[in-house]
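The values are calculated or read from the model by the stated rules, or taken from the named source; none is laboratory data. On a predicted model such as this, the values are computed, not experimentally measured, just so you know. When we count neighbours, we look across all protein chains shown, and the Cβ atoms used for this are built from the backbone with ideal geometry, even at glycine.
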Amino acid sequence: MTQIQHAHGTRASDSAEPAPWWRQAVVYQIYPRSFADADGDGLGDIAGITSRADYLSALGVDAVWLSPFYPSALADGGYDVADHRDVDPRLGTLDDFDTMLAALHARGIKVVVDIVPNHCSDQHVWFQEALRAGRGSPERERFVFREGTGPGGEHPPTDWLSAFGGPAWHRVADGQWYLHHFAPEQPDLNWDHPDWREDFVRTLRFWSDRGVDGFRVDVAHMLTKDLTEPLPSQAELDAMPKDGLHRTIDRDDVHDVYAQWREVFNSYDPPRTAVAEAWVSSDRIPLYASETSLGQAFNFDLLIADFDAEQFRRVVTHNLELAGRTRSSSTWVLSNHDVVRHATRYGLPAPERRPDGEPAVKHGMEWLRSGGTDPRLDRDLGGRRARAATLFMLGLPGSSYLYQGEELGLHEVADISDGERQDPSFFRSGGEDVGRDGCRVPLPWSREGVALGFGEASPHLPQPSWMADHAVEQQSGVPGSTLELYRRALARRREWQCEEDLEWLPTGREDVLHYRRPNGWEVVTVFGDADHAVSRPVALLSSDDAVGSRVVPPQTTAWIAPSRTD
Ligand code: NOJ
């Protein structure tokens with residue numbers, strides 16, 4: 001049986017207007033400190049991105065999303081923002097930013113920047129003022145300060161836990177405690193305070209006026225909180241239904257903030273875009289993706305799925321249906337700066353799953369804890385599956401987010417010594433959670449050199465020697481390389497892109513998926529270990545070398561050209 005899925009709010013044929021750029025964009029995530037280091041201090045920078053503008057253009061991406069590049073003490077890789085309207089001096093200046101923006105725009109590449117509104121850095125001027133001003137001051141009202149419990153208030157106000165491990169409260173010199181859902185250096189903002197509402201509007205305008213095209217909104221589901229006393233315990237919080245009235249997470253009133261932001265976005269021509277990073281149940285995602293809120297939301301379902309036909313199909317069907325409930329398009333992600341790279345995940349045994357289907361442990365965590373020795377990583381299988389999964393994703397209706405280095409087939413780096421680690425999750429969990437440094441290691445651009453072409457100094461995280469085999473220089477122009485596959489795939493995708501529909505075709509096999517887009521572009525993925533025959537020859541593109549044949553090999557995706565270009 002075939003099944004047609006209409007996932008779109010806006011079909012190309014619905015109106016004469018071209019669809020907005022973001023609906024089916026390929027967005028390339030840059031983690032600026034690890035992309036390219038132009039000034040040779042071991043840390044990637046804005047000028048480094050400019051120097052690689054031609055690379056991004058040749059790759060064929062529609063947009064880049066920059067993880068935070070703002071002034072930061074780097075307690076959480078830049079997600080501890082000390083000033084939302086400046087560039088970290090170690091990464092450059094606002095002039096460098098403008099130069100980069102112009103270089104990317106000149107090549108037709110849009111720029112999306114990260115906005116971090118749940119918390120700021122403890123170095124932020126308002127937090128420093130709050131510390132100085134003392135208890136009961138208006139400056140402290142901008143954050144969440146409370147008295148402690150127990151004799152002398154030496155215990156935190158509640159037993160809440162932070163996402164990086166340990167308590168979610170930190171005590172300051174005068175004895176009060178402040179709330180931080182992430183690291184202690186990341187105080188939560190009080191979104192009931194009008195100052196933050198005004199300040200973020202100023203920030204959105206500041207970057208929009210410079211020409212930034214959109215925003216990725218960090219932990220978009222956490223800003224507003226009901227902190228009326230008495231505060232619940234962690235167990236009570238955990239037991240509360242997540243129905244929009246939860247005390248700290250995914251509250252309906254967060255959309256009042258985004259309604260105000262929407263006015264800002266829509267006051268520009270073209271309207272600025274936003275995508276929510278919202279870890280909420282899927283029935284709540286459409287609220288963030290609605291036209292009156294942020295307009296688009298990530299779904300991380302592919303990122304937590306195993307390389308498994310049934311799981312992939314379920315994820316796609318479900319998310320296209322969700323996107324269809326709004327006028328948004330779906331997003332797809334296989335890797336980002338928070339998870340083990342997908343080439344590595346797919347080369348390791350699939351994690352055990354809880355009864356609700358969620359992985360019992362973060363995929364790859366045990367392997368990371370062992371320093372990359374146990375279980376054994378099958379690099380070739382992981383890389384092969386990753387290429388197949390990527391081509392499967394890139395054929396889907398909606399926008400695809402790529403993470404820097406995946407186009408080089410990079411694996412996660414496991415052998416980072418404790419002394420070299422940077423991620424607060426490692427330190428706050430006492431090493432239990434090894435953290436995310438392994439996917440943030442600077443990119444290899446060339447085979448040789450102190451930093452494999454990343455820069456002229458030893459990089460801020462160590463690059464293992466195997467990275468040289470993945471260098472851009474090593475793969476550029478080499479048929480069959482992962483880099484060339486990505487370049488060809490993005491070029492074809494641009495050429496073949498069509499209405500946001502998908503139709504599943506029968507395959508007669510549980511481990512093979514086959515879908516067709518409205519213009520006849522077909523995508524066949526063999527997840528299992530046996531060849532699969534197709535009726536039309538696989539044209540032009542395959543994650544293996546099956547081009548021109550009628551057989552799709554194991555762990556391979558093949559694209560069959562739309563009939564008009566066959
Ligand atoms: C989500 C970001 O992706 C992650 O890197 C960061 O640590 C947290 N938000 C806190 O900002």
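Is one or more of the residues making up region 30-53 out of contact with any strand residue (DSSP E or B) (no Cβ under 6 Å at 6 or more places or on another chain), surrounded by fewer than 19 Cβ atoms within 10 Å (Cβ to Cβ), among the acidic types (Asp, Glu) and not in a loop (DSSP other than H, G, I, E, B)?
no
Is it the case that region 100-122 has a residue that's within 23 Å of VAL27 (Cα to Cα), within 16 Å of the ligand (Cβ to nearest atom) and touching a Gly at 6+ places or on another chain (Cβ under 6 Å)?
yes
State which residue is surrounded by the most Cβ atoms within 10 Å (Cβ to Cβ) when the search covers only region 307-336 and only residues that are within 16 Å of the ligand (Cβ to nearest atom) and either more than 20 Å from PRO286 (Cα to Cα) or more than 18 Å from the chain's Cα centre (by Cα) (or both). Steps first, please.
Going through region 307-336, the residues within 16 Å of the ligand (Cβ to nearest atom) turn out to be 331, 333-336.
Imposing the further condition that a residue be either more than 20 Å from PRO286 (Cα to Cα) or more than 18 Å from the chain's Cα centre (by Cα) (or both) reduces the set to 334-336.
Details: LEU334: 25, SER335: 27, ASN336: 23.
Going through the qualifying residues, I end up with SER335.
Please count how many residues of region 134-148 are more than 16 Å from PRO194 (Cα to Cα), surrounded by fewer than 14 Cβ atoms within 10 Å (Cβ to Cβ) and not acidic (Asp, Glu).
Selection size over region 134-148: 2.
Within region 326-366, how many residues turn out to be in a loop (DSSP other than H, G, I, E, B), of a type in the set (S, T, N, Q) and touching a His at 6+ places or on another chain (Cβ under 7 Å)?
Within region 326-366, residues that are in a loop (DSSP other than H, G, I, E, B), of a type in the set (S, T, N, Q) and touching a His at 6+ places or on another chain (Cβ under 7 Å) number 2.
Can you pull out the residues in region 251-290 that are modelled with pLDDT of 95 or more and acidic (Asp, Glu)?
Once the filter is applied, which keeps residues that are modelled with pLDDT of 95 or more and acidic (Asp, Glu), region 251-290 yields ASP252, ASP253, ASP256, GLU263, ASP269, GLU277.
Need pairs with beta-carbon distance below 7 Å; first residue farther than 18 Å from PRO32 by Cα and within region 444-466, second assigned to a loop (DSSP other than H, G, I, E, B) and modelled with pLDDT under 95; sequence gap 6+ or separate chains.
PRO464/ASP415
Would you check if there is a residue in region 180-198 being at pLDDT 95 or above, away from the ligand (no atom under 16 Å from the Cβ) and in contact with a His (Cβ under 8 Å, 6 or more places away or on another chain)?
Scanning region 180-198, I find no residue that is at pLDDT 95 or above, away from the ligand (no atom under 16 Å from the Cβ) and in contact with a His (Cβ under 8 Å, 6 or more places away or on another chain), so the answer is no.
Residue by residue, here is whether (1) within 16 Å of the ligand (Cβ to nearest atom); (2) under 27 Å from the mean Cα position of the chain (by Cα); (3) hydrophobic (A, V, I, L, M, F, W, C) holds:
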residue: PHE145; (1), (2), (3): no, no, yes
residue: GLY153; (1), (2), (3): no, no, no
residue: ALA168; (1), (2), (3): yes, yes, yes
residue: VAL219; (1), (2), (3): yes, yes, yes
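So which residues in region 63-108 are more than 23 Å from ARG440 (Cα to Cα), in a loop (DSSP other than H, G, I, E, B) and free of Cβ contacts under 8 Å to residues at least 60 places away in the same chain, if there are any at all?
Within region 63-108, ARG107, GLY108 qualify.
Look through region 255-283, keep the residues that are in contact (Cβ under 8 Å) with a residue 60 or more places away in the chain and either of a type in the set (Val, Ile, Thr) or in contact with a Lys or Arg (Cβ under 7 Å, 6 or more places away or on another chain) (or both), and return whichever of them is surrounded by the fewest Cβ atoms within 10 Å (Cβ to Cβ).
GLN260
Would you pick out the residues in region 277-335 that are touching a Leu at 6+ places or on another chain (Cβ under 8 Å), closer than 17 Å to ALA220 by Cβ and polar (S, T, N, Q)?
Selection gives SER282, SER293, ASN299, SER330.
Could you say whether any residue in region 367-378 is of a type in the set (Lys, Arg), in a loop (DSSP other than H, G, I, E, B) and within 16 Å of the ligand (Cβ to nearest atom)?
no
Which condition breaks for PRO286 when tested against (1) crowded, with 22+ Cβ neighbours inside 10 Å; (2) in contact (Cβ under 8 Å) with a residue 40 or more places away in the chain; (3) away from the ligand (no atom under 16 Å from the Cβ)?
Result: PRO286 passes all but (1).
Every residue in region 221-254 that is away from the ligand (no atom under 16 Å from the Cβ), surrounded by 14 or more Cβ atoms within 10 Å (Cβ to Cβ) and outside any loop (DSSP other than H, G, I, E, B), please.
LEU237
Working carefully through the options TYR79, TYR70, TYR55, find the one that is among the hydroxyl-bearing types (Ser, Thr, Tyr), touching a His at 6+ places or on another chain (Cβ under 7 Å) and modelled with pLDDT of 95 or more.
Only one candidate qualifies: TYR70.
Looking only at region 423-445, which residues are in contact with a Leu (Cβ under 7 Å, 6 or more places away or on another chain), within 16 Å of the ligand (Cβ to nearest atom) and at pLDDT 95 or above?
Correct list: ASP437, GLY438, ARG440, VAL441.
Just to be sure before I move on: is THR149 free of Cβ contacts under 8 Å to residues at least 40 places away in the same chain, polar (S, T, N, Q) and over 22 Å from ARG33 (Cβ atoms) in the structure I sent? Before the answer, list the steps.
Working: free of Cβ contacts under 8 Å to residues at least 40 places away in the same chain: yes; polar (S, T, N, Q): yes; over 22 Å from ARG33 (Cβ atoms): yes.
Criteria met by THR149.
Please verify whether VAL434 is under 30 Å from ARG493 (Cα atoms), among the hydrophobic types (A, V, I, L, M, F, W, C) and either in a loop (DSSP other than H, G, I, E, B) or touching a His at 6+ places or on another chain (Cβ under 8 Å) (or both), treating the condition exactly as stated.
On the way: under 30 Å from ARG493 (Cα atoms): no; among the hydrophobic types (A, V, I, L, M, F, W, C): yes; either in a loop (DSSP other than H, G, I, E, B) or touching a His at 6+ places or on another chain (Cβ under 8 Å) (or both): yes.
Taking the combined requirement at face value, the residue does not satisfy it.
If ASP469 satisfies all but one of (1) in contact (Cβ under 8 Å) with a residue 40 or more places away in the chain; (2) among the acidic types (Asp, Glu); (3) surrounded by fewer than 21 Cβ atoms within 10 Å (Cβ to Cβ), what's the number of the condition it fails?
Evaluating ASP469 over (1) in contact (Cβ under 8 Å) with a residue 40 or more places away in the chain; (2) among the acidic types (Asp, Glu); (3) surrounded by fewer than 21 Cβ atoms within 10 Å (Cβ to Cβ) leaves (1) as the failure.
Here are some conditions: (1) touching a helix residue (DSSP H, G or I) at 6+ places or on another chain (Cβ under 8 Å); (2) outside any strand (DSSP E or B). VAL538 meets all but one. Which one does it not meet?
(1)
Have a look at LEU485, LEU490, LEU513 and point out the one that is part of a strand (DSSP E or B) and in contact (Cβ under 8 Å) with a residue 60 or more places away in the chain.
Just one listed residue meets the conditions, LEU513.
With of a type outside the set (D, E, K, R) and at pLDDT 95 or above as the only criterion, which of THR565, THR525 stands out?
Residue meeting the stated conditions: THR525.
Of these, ASP511, ASP544, which one is acidic (Asp, Glu) and surrounded by 19 or more Cβ atoms within 10 Å (Cβ to Cβ)?
On the way: ASP511 fails: surrounded by 19 or more Cβ atoms within 10 Å (Cβ to Cβ).
Unique residue meeting the criteria: ASP544.
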